[in-house]
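The values are calculated or read from the model by the stated rules, or taken from the named source; none is laboratory data. Treat the numbers as computed from the prediction; the structure is a model and nothing was measured. Cβ: placed from backbone, ideal geometry, glycine included. Neighbour counts: every protein chain shown.
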Amino acid sequence: MSDWSYTTIAALVWSLASLIAFGFAGDWIVRSCQKLRLGVRLILPAVFGLPYALVGAGHPHGGWLAFYFVLPVLVAALLWRAQQHDPQQRGDWHDLMILLALGLAVDLRWLEPAWPAHLSVIGKLILLDSGLYGFLVIRKLTNVGFDLRIRADDLIIGLREMSFYAPIAVPLGLALGFLHWQGYLPRPGPAALTALFTFFFIAVPEEIYFRGWMQNLLERRLGRNGSLFLTAAIFGLSHFNKPAGFNWRYVLLAAVAGIFYGRAWRQRRRVAASAITHTCVDTIWALWLR
């Protein structure tokens, strides 16, 4: 099977469609789903498993097919329990379990054996879609701020926080030997594609998870600064298991970056703002400072 067959493209489009739908019509989706019976609302997210049926069913680990249809339903069921136990949305153990499970599954690459080479990004999108549905439709979590209709304020705040972070990160990264100035001018086309890929496949998913879900819930218990710094520390630690192996310099710079991403998100409770900061930082790193 070609890595980019028609079924693979259909799977990628399906998994991205849910993300884009929540980004542009999240309120409408939530209102529409609230009209459904509870049983239907809890079973409905099984549709997020369809991309694996299109791509992964022919992979040797056939048992993953059932897993990808059951997982979104389990996420929804646990977050329904969270909504019942914690209507004030201060966070309870169900929320923690979901955040841990989704985060560790990505960081420790638990689910990568389910996918053909280079297609595990679709599996990550399935986790993101399941979490979005669970937290927005079932948990009814407020202040997530996921909206892809980018505003002028998002750009201003996002670029401002990047401008605050860069004078700290660049000298520190160069001094630590983690950053290396490349000294060339990339072509506009590849540079734009790098930024676009970074925004949709790295910045937006991570900002939804760390700021829209984690910092949002922690702020209700720890306050603005406590949640900001704890989430930033966890964000930094989440970079410990990258392909190059553990690198404390990467963890440190990521943790500092997380402070500025968190500041961007909490200014207006907008994932778009922190995703713009995140995209700028990662794109500059990829193009000039690797």
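Tabulated data for the structure shown
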quantity: Tally, over region 262-290, of residues that are under 13 Å from Tyr165 (Cα atoms) and either touching a strand residue (DSSP E or B) at 6+ places or on another chain (Cβ under 6 Å) or of a type in the set (Gly, Ala, Ser) (or both); calculated: 3
quantity: Some residue of region 114-124 being in the same structural domain as Leu96 (by TED's automatic domain parsing), surrounded by fewer than 14 Cβ atoms within 10 Å (Cβ to Cβ) and not aliphatic (A, V, I, L, M); calculated: yes
quantity: Those helices (runs of 4 or more DSSP H) lying entirely in region 1-111 with at least 1 residues out of contact with any Asp or Glu (no Cβ under 9 Å at 6 or more places or on another chain) and under 30 Å from Phe240 (Cα atoms); calculated: 6-34, 50-55, 64-85, 93-107
quantity: Any pair with Cβ under 7 angstrom, 6 or more apart, that starts in region 9-22 at a residue that is free of Cβ contacts under 8 Å to residues at least 60 places away in the same chain and ends at one that is surrounded by 15 or more Cβ atoms within 10 Å (Cβ to Cβ) and part of a helix (DSSP H, G or I); calculated: Ala10/Leu54; Trp14/Leu50; Trp14/Pro51; Ala21/Ile29
quantity: Selected residue (criterion: surrounded by the fewest Cβ atoms within 10 Å (Cβ to Cβ)) from residues of region 51-79 that are among the aliphatic types (A, V, I, L, M) and modelled with pLDDT under 95; calculated: Ala66
quantity: Residue identified as part of a helix (DSSP H, G or I) and among the hydrophobic types (A, V, I, L, M, F, W, C) among Leu185, Leu148, Leu128; calculated: Leu128
quantity: Ile234 touching a Phe, Trp or Tyr at 6+ places or on another chain (Cβ under 8 Å), closer than 28 Å to Ile43 by Cα and of a type outside the set (S, T, N, Q); calculated: no
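For (1) surrounded by fewer than 24 Cβ atoms within 10 Å (Cβ to Cβ); (2) at pLDDT below 95, each residue gets a yes or a no:
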{"site": "Leu253", "(1), (2)": "no, no"}
{"site": "Gln267", "(1), (2)": "yes, no"}
{"site": "Arg270", "(1), (2)": "no, no"}
{"site": "Ala275", "(1), (2)": "no, no"}
{"site": "Asp282", "(1), (2)": "yes, no"}
{"site": "Trp288", "(1), (2)": "yes, yes"}
